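Colleague: One structure coming up, written as structure tokens, with questions to follow.
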Amino acid sequence: KVAQARALEAELNKKPSFYEVRIETGSGELDMTIAGGIRQQAPGKDIARSVGADGAVTYVVGPFADKAKAEELALFVKAMGVKEAFLRVINK
């Protein structure tokens, strides 16, 4: 079992990682000023609205191949007043 787990982990490490910025707003709506700022900071990236099973709304921006670019966007969104903006690694 350990050998299988290590082999799977090694396989995952070979795949390129991508990053997305997840934004949780208390109101469930993304302020138009913030959305405009995101479009300026991350041109060409999608902004998707996702509703969880608990009804919580999350906005997802990405994907980013460059972790630093994703981190910059998360910091930018926080500077715009959104407390919950964080990075998530996604493997494609």
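The values are calculated or read from the model by the stated rules, or taken from the named source; none is laboratory data. These numbers come from a predicted model, not from an experiment. Please note: Cβ atoms are built from the backbone with ideal geometry, for glycine as well, and neighbour counts cover all protein chains shown. Just so you know, the surface numbers come from the protein's heavy atoms only, side chains and all, with ligands and any DNA or RNA stripped out. Shrake-Rupley method; radii C 1.70, N 1.55, O 1.52, S 1.80 Å.
Colleague: Taking 7 Å along the Cα-to-C-beta vector as the label spot, tell me the Glu84-Ser17 distance in nanometres, rounded to one decimal.
Modeller: That separation, rounded to one decimal, is 2.3 nm.
Colleague: Total Lys pairs in the chain closer than 23 Å by alpha-carbon, pairs eight or more apart in sequence or interchain only?
Modeller: 20
Colleague: Going by alpha carbons, how many degrees (0 to 90, nearest 10) lie between the helix axis of 67-79 and the longest principal axis of the chain?
Modeller: 30
Colleague: So what's the angle, to the nearest 10 degrees on a 0 to 90 scale, between helix 2-14 and the longest Cα principal axis of the chain?
Modeller: 50
Colleague: Give, as a single signed number, the net charge of other residues whose beta carbon lies under 15 Å from the beta carbon of Glu24, with Lys and Arg counted +1 and Asp and Glu -1.
Modeller: Values: positive: Arg22, Arg49, Lys78, Lys83, Arg88; negative: Glu20, Glu29, Asp31, Asp54, Glu84.
Local net charge: 0.
Colleague: Give me the percent of the accessible area of the range 1-77 that comes from carbon and sulfur atoms, probe 1.4 Å, all protein chains in place.
Modeller: In the range 1-77, the share of accessible area belonging to carbon and sulfur is 52 percent.
Colleague: For the chain, with every protein chain kept in place, what is the accessible area per residue (1.4 Å probe, Å²)? Walk me through the numbers before you get to the answer.
Modeller: Values: 6280 Å² over 92 residues.
It amounts to 68 Å² per residue over the chain.
Colleague: Based on Cα positions only, what radius of gyration and what Dmax would you give for the chain, in angstroms?
Modeller: Expressed in Å, the Cα Rg and Dmax of the chain come to 15.5, 51.
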